[in-house]
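Each remark here refers to the structure printed beneath this line.
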Amino acid sequence: MFEQGAGPPGKMGRLVSVDVLRGIVMVIMALDHTRDFFTGLRFPPEDITQTYGALFFTRWITHFCAPAFFFLAGTGAFLSAARGKTLPEVSRFLWTRGLWLVFLELTVIAFAWTFFLPFGPFGLVIWALGWSMVAMSLIVRLPLRWIAAFGMAMIALHNLADRISPAQLGKIGWLWMVLHVPGFIPIQPPRIGFFVLYPLIPWVGVMAVGYAFGAILLCEPQRRRRVTFAIGGLATLAFVLLRATNLYGNAPAGLSFGNLVPSGGDWHVQKSATLTLIAFLNVEKYPPSLQFLLMTLGPALMALALLDRLRLDGPAGALGRFFLVFGRVPMFYYVLHLYLIHALAVVAALLFHQPAKWLVGGAFILQPLPDGYGHGLPFIYLVWMTAILLLYFPCRWYMAVKERRKDWWLSYL
């Protein structure tokens, strides 16, 4: 569904379904970050030796967020050209906004995570998003078929490099951490350095595929819905087949990236049906394996096809309009939600007489979880829903500002 009147006469308007899907994944993303700040558990939800159904699936549903966000960022770049931007204009916007996002990650967003100065030395999702945009500023100058082939090859083949470690590359091992293997890059050993959680491969490929996918959205409505749903269905089926056969596309068992949870590798039947399902869905995110991206992007594309039929007028469209607000101002929402959730964690710690000082001295990013801190999943869900309701009003205000005004700087936040 295209929104009429969103651009100059004769130019394509915004595709509302893209913004609604982006809004949905942004809202879900906040659940994961709320859990990060409020949990009292000492183990990650993916640790199959300790996890349980409600905890794992609270984490698993948020796996859809980063792939969809990178993919739709590429799609948005393509659609901006379809709305009248020239290729040089699209390229310039990508590299300037990309560098701006890297700056935000290292300053404003780093402080939101830690409430600590100096800013935390780490490259998270916005870091990778920014550098992927910088890379795309060059890639968009290629023919569309080459862009699609490049993106799909990076997604499909990067797991062949899983066993290459930074240590094997000697002095340029740090570059391999930036590109493919998360880890700590020492600047002044042993404690001062830069931690990369989101390496660029295959995220650049996800954005490139999203860019090429934008061409499908120019088709007439029925055709684009069929093709989008078919692509999503085939990707999901490919995940099921690869995972069921343990053929290819996930990091080997026990391989540890960046001191995170070691990869679960191949799946095997567990002692219960729930744990067996968890093992099946527990695929590597850092960096995202082929199986991880098929598992997340496939259903996301099917959802996009269904959302393309959504009407936003009348009472029936209220929920769609709600998510649309967040999807229209994603970076504004992203920065704001981190500050709000972190602040709520401090307030809750004080109210419940739990340790609070660590939350303003690095939080879980730079500090170990102190004894006596944390809340259960019901409380985490309550805080998440409260945060989303509070965020709706400033996001709706900023969306209205962007609709009224066309200042160039508004497109950077």
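Where a number appears in this text, it was derived from the coordinates with a stated rule and is not lab data. Model, not experiment: these values are computed from the prediction. When we count neighbours, we look across all protein chains shown, and the Cβ atoms used for this are built from the backbone with ideal geometry, even at glycine.
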Among the helices of the chain (complete DSSP H runs), which have Cα atoms covering no less than 18 Å along the helix axis and a Kyte-Doolittle mean of at least -0.5?
16-38, 65-82, 87-104, 125-139, 144-157, 221-245, 290-307, 330-351, 377-404
Can you put V90, V329 in order of Cβ neighbours within 10 angstrom, beginning with the fewest?
V90, V329
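Taking square-rooted eigenvalues a ≥ b ≥ c of the alpha carbon gyration tensor, is the stretch 301-413 rounded, prolate or oblate, where a/c under 1.5 means rounded and, failing that, a/b exceeding b/c means prolate? Mind dumping the intermediate values first?
Details: a/c = 2.64, a/b = 1.81, b/c = 1.46.
It is prolate, given that a/c is not under 1.5 and a/b is the larger ratio.
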Hey, how many Å between the Cα centroid of the stretch 148-170 and the Cα centroid of the stretch 318-357?
35
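At 222 nm, what helix-only mean residue ellipticity would the chain give, in deg cm²/dmol to the nearest 500, using -39500 (n - 2.57) for each DSSP H run of four or more?
On the way: 16 runs with 236 residues, N = 413.
Calculated from helices alone, the mean residue ellipticity at 222 nm is -18500 deg cm²/dmol.
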For a quick check of your reading of the filter: which trypsin sites (Lys or Arg not before Pro) in the stretch 324-413 sit in a DSSP loop and have no more than 16 other Cβ atoms within 10 Å?
R405, K406
Just rank M385, M133, M177, M399, fewest to most, by other beta-carbon atoms within 10 angstrom.
M385, M399, M177, M133
Given H placed 1.01 Å from N in the peptide plane, which residues other than close sequence neighbours of F122 have an amide H under 5 Å from its amide H?
F195
Each label point is 7 Å from the Cα along the Cα-to-Cβ direction; what then is the distance between the points at E220 and L410, in nm?
3.4
Going by amide H atoms built from the backbone, whose H comes under 5 Å of the H on G183, apart from near neighbours?
V196
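Grab the beta carbon distance between L319 and L142, set R0 = 35 Å, and tell me the FRET efficiency rounded to 0.05. Write down the numbers at each step before the final one.
Numbers: r = 39 Å, r/R0 = 1.11.
Using R0 = 35 Å, I get an efficiency of 0.35.
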Long-range amide H partners of L15, meaning residues 5 or more apart or on another chain whose placed amide H is closer than 5 Å, are E3
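Can you bin the stretch 28-96 into rounded, prolate or oblate? Criterion: square roots of the alpha carbon gyration tensor eigenvalues sorted a ≥ b ≥ c, rounded for a/c under 1.5, prolate for a/b above b/c, oblate for the rest. Don't skip to the end; give the middle numbers.
Numbers: a/c = 4.26, a/b = 3.42, b/c = 1.24.
Judged from the Cα gyration tensor, the stretch 28-96 comes out prolate (a/c at least 1.5, a/b above b/c).
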Can you work out the FRET efficiency for the pair W95 and L237, with r the C-beta to C-beta distance and R0 = 51 Å, to the nearest 0.05?
0.90
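Quick check on packing: order 17-29, 267-279, 192-204, 310-322 by the mean number of other C-beta atoms within 10 Å, highest mean leading. Walk me through the numbers before you get to the answer.
Values: 17-29: 23.9, 267-279: 14.5, 192-204: 21.6, 310-322: 12.8.
In decreasing order of mean packing, 17-29, 267-279, 192-204, 310-322 become 17-29, 192-204, 267-279, 310-322.
Is the shape of the chain best called rounded, prolate or oblate, per the rule: a/c under 1.5 gives rounded, else a/b larger than b/c gives prolate, else oblate, with a ≥ b ≥ c the square roots of the Cα gyration tensor eigenvalues?
Verdict is rounded for the chain.
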